[in-house]
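Written below as structure tokens is the structure these notes are about.
Throughout, read-outs are computed from the coordinates displayed, never taken from laboratory work. The structure displayed is predicted, hence computed values, not measured ones. Backbone-built Cβ (ideal geometry, glycine too); neighbour counts: all protein chains shown.
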Amino acid sequence: MLDYLLTLILFVPSAASLLLAFIPSDRRNLLRFTAFAASLIPFVLTITLWLRFDPGLQGYQFVVNEPWYPAIGSSYHLGVDGLSLPMVLLTTLLTPLAILAAGSIKDHPKAFFMLFLFLETGMLGVFLSLDLLLFFVFWEIGLVPMYFIINQWGGANRNYASLKFILYTMAGSLGLLLAIQMMGVASGTFDIVKLTALWPDTAPLPLFGLEPAAIKAIAFWAFVIAFAIKVPVWPFHTWLPDAHTEAPTPGSMILAGVLLKLGGYGFLRLVLPLFPAESKQFAGWLAMLAAASIIFGALGAFGQNDFKRLVAYSSVNHMGFVILGVAAAAWASGTTSSVIAINGAVMQMFNHGLSAAGMFYMVGVLYERAHTRDLTKFGGLFAILPVYGGILLFTAMGSLGLPGLGGFISEFLVVRGAWAVFPLATAMSMIGLFFTGAYILKALRMVLHGPLNEDWFGKLTDIRPAEVAVMVPLMVLMLVNGLWPAWLLDMINKMAAVIF
């Protein structure tokens, strides 16, 4: 079974999605239960994978490599290491939690859960693929279901938000596909392991009359732009607030929790190993864009009175730290600062996935009761929603980076690694960190504290046990990552010390 473990993790969600097609559309509870139960299978298999994974071994483990398109050098090549395994765990954890959070989905539940499970396969495929062509196939599979989830089950401006989402991400994907084709033709292989060993130091074959240096430059910029849009890095971020605001709660949870991580993963898996010289050359610019994302994301969040839009802008802010870590690693490759920055970047992706998914869910819980996200219409809700208020406070502090919770560890590591490399960009990022506290405290003050808005007295009910069940795993992991991060960092650190 271990030989097929990655394939099972990858395709069980798709198989379950097809199974849902045979369940009557009016059996909403059965559809939801089946989707949830099926989504637990990859999670259990991932736990098995985690327990069998040996962090002390270099390279990829549980490798599957079978011919796919041998004529062009492409194969069905899967594997995991200390970079991809945490992302697989995050994906298989958040998917069942997001399905549990889908109680508000009333219309066409069968289509919704089928798309959601197909989406899980797409996300997992990106993290597991060791072939560039296969990587792109799953990259696109992860794009299309999210478009329909926003477009069909989103808010009032869902058509605009979904169109903007697809146009931005497809623009990046087009360049990514062309770059992958160029690299495959010029190198004779799409295998990421072979390309990582050969591409940085070997001149590719001439293509379309282009010199090898031009081929590398075009491929580098196509990769960077595609992944920068996905993260998203300022100024490519404008699709994100609209997509988050209009997406249904489960869609926002998985979009913030996992889909944004595909861009950060692309930088770490492909850009830095395949283009080390180019990455170092432009690392300073990337660091400044990261600082801009941290600052403008925080300022954008602080300026919002829509609770969900505030949380959406916070993702731009927090993912900026991932890019700052990537930039530091690109410039200082092979040094202690690089290893520390990579540890922080990967840890930040994992921790942000937990806190962002939790925050979006808590916004959704409140919206389901109040039917508004306008912060100016709340106030003093801690008095009538004490359990909800306590969970929101804990989750917000995890997002803030309070010492003792996971966000503090990851942001500290990024800052520690980047400070020796880019002190100015890191110092500027602290401005954004200051406003991170400002927008989090603003949201908590306007929702939970101050005089009680008596319009809500007797109309709002506290969070239910079933809703608490969605938050418990996220809260536990946020606390564990803050008090005992070694369970995750040991794996990431061994990978970073070898690769970067």
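Taking the longest Cα principal axis of the chain as reference, the axis of helix 336-370 is set at about 30 degrees.
For the residue pairs K216/K308; K110/K261; K106/K164, the C-alpha atoms sit more than 29 angstrom apart in K216/K308. Farthest toward the positive end of the dipole of the stretch 429-500, out of W456, A497, A438, is the Cα of A497, where the dipole comes from beta carbon charges about the Cα centre. Using the Cβ-Cβ distance between A171 and S104 with R0 set to 22 Å, the FRET efficiency works out to roughly 0.10. Shape call for the stretch 390-469 from the C-alpha gyration tensor, a ≥ b ≥ c root eigenvalues: rounded (a/c under 1.5), prolate (a/b greater than b/c) or oblate? Oblate, since a/c reaches 1.5 and b/c is not below a/b.
Selection among F62, F11, N29 by position relative to the dipole of the stretch 1-91 gives N29 as farthest towards the positive end (Cβ unit charges, Cα centre). Counted residue by residue at 0.36 nm each, then reduced by the alpha carbon distance between them, the extension gain from L299 to A497 reaches 67.8 nm.
Helix 212-230 axis versus longest C-alpha principal axis of the chain: approximately 10°, rounded to the nearest ten.
Rg/Rh for the chain (Cα atoms only, Rh after Kirkwood) is 0.96. So how far, in whole Å, is the C-alpha centre of the stretch 362-434 from the one of the stretch 446-490? First find each Cα centre; the distance between them is then 12 Å.
Note: relative contact order over the stretch 282-500, using C-alpha pairs below 8 Å and six or more positions apart, is 31 percent. The ratio of the alpha-carbon radius of gyration of the stretch 278-389 to the globular-protein estimate 2.2 N^0.38 Å is 1.34.
Quick one: longest stretch of the chain between exposed loop trypsin sites (Lys or Arg not before Pro), exposed meaning at most 14 other C-beta atoms within 10 Å and loop per DSSP? My reading of the result: 107-458 is the longest stretch. Working note: 222 nm ellipticity from helices only, DSSP H runs with n ≥ 4, each -39,500 (n - 2.57), summed and divided by the residues of the chain, gives -23000 deg cm²/dmol to the nearest 500. The peptide list 115-124, 56-65, put in order of mean Cβ contacts within 10 Å with the highest first, becomes 115-124, 56-65. Using the Cα coordinates of the stretch 282-500, the gyration tensor eigenvalues translate into equivalent-ellipsoid semi-axes of 34, 19, 11 Å, sorted from longest to shortest.
Positive-end ranking of N159, G175, V126 along the dipole of the stretch 103-192, with charges on Cβ about the Cα centre, is headed by N159. When both the stretch 83-102 and the stretch 106-143 are represented by their alpha-carbon centers, they are found 13 Å apart. Ordering of 379-390, 83-94 by packing is 83-94, 379-390, highest average first (other Cβ atoms within 10 Å, averaged per residue). Between E454 and W285, the modelled labels are 6.0 nm apart [label points 7 Å from Cα along Cα→Cβ].
Explain nothing, just the number: dipole magnitude of the stretch 26-158 about its Cα centre with +1 on each Lys and Arg Cβ and -1 on each Asp and Glu Cβ, in debye rounded to the nearest 20. Kindly include the intermediate steps, with their values, before the conclusion.
Numbers: 7 positive and 8 negative charges, 125 e Å.
Charge dipole, the stretch 26-158, about its Cα centre: 600 debye, nearest 20.
Taking 7 Å steps out from each Cα toward its Cβ at A156 and V480 produces label points 4.2 nm apart. Placing dummy labels 7 Å off each Cα toward the beta-carbon, the span from F412 to Y69 is 4.7 nm. Computed from Cα positions, the angle between helix 283-302 and the longest principal axis of the chain comes to roughly 10 degrees. Computed about its Cα centre, the charge dipole of the chain is approximately 700 debye, with only Lys, Arg, Asp and Glu carrying charge at their Cβ.
A protection proxy built from the mean count of other Cβ atoms within 10 Å ranks the segments 70-78, 358-366, most packed first, as 358-366, 70-78.
Please state the charge dipole magnitude for the stretch 341-500, taken about the Cα centre, from unit charges on C-beta atoms (+1 on K and R, -1 on D and E), reported in debye and rounded to the nearest 20.
Numbers: 9 positive and 8 negative charges, 29 e Å.
The calculated dipole for the stretch 341-500 is roughly 140 debye.
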